[in-house]
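Encoded as structure tokens, the structure appears first; notes follow it.
Coordinate-derived values only; no laboratory data. Just so we're clear, the structure is a prediction, and the values are computed from it rather than from any experiment. Reconstructed Cβ throughout: ideal geometry from the backbone, glycine too, with neighbour counts over all protein chains shown.
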Amino acid sequence: MNYSTPPINRSAYPKPTPPDAITYREFLQQNPAEGFLKIQASRAQKALPTPNVEISILQQFSDQRVLFFRGKTDKDGLIDNIILPAPPLLDSLQSEDAGQGALYQVFAYHPEFVPESHEIEIFEGITSILPVTMRLPQENAPWR
């Protein structure tokens, strides 16, 4: 017997087109505006900022992989004002395409912590905030 159920889309928005289904040039044509991203890296259940976390923002397209940003968090665990291509705001407000921002893969690396990866949508003129919680390797170990 199969007890699995199909996944339920709990989002009010339709899924954006996967970036690997289009070329980089098509992506730029669909995303001529700019949106912003702020990274907040922390540890210890978000109590302590984590400096020097290397952040890479990239995306795989059908014709190439593009690195949009690479940098390290400051002493407060922050990287502010990362500018990324985004769709025009009016396009993302249309009812048939509502909520379709530009998708990006965000990778966080620090030699003392477990690497993290996230996906985020970016919209024109809006600053998205991505909290990145860094975990020590022993925090991943199963309880005994």
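Summary table below
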item	result
GLY35 long-range amide H proximity, modeled H, under 5 Å	LEU84, ALA86, GLY125
FRET efficiency, 1/(1 + (r/R0)^6) with R0 22 Å, evaluated for GLU34 and GLN60 via beta carbons	0.55
FRET efficiency for LEU136 and GLU26, using Cβ-Cβ distance with R0 set to 41 Å, rounded to 0.05	0.50
Using θ = phi - 60° and Karplus 6.51 cos²θ - 1.76 cosθ + 1.60, couplings along the range 34-41 (whole Hz; Gly, Pro as x)	10, x, 10, 9, 10, 9, 10, 9
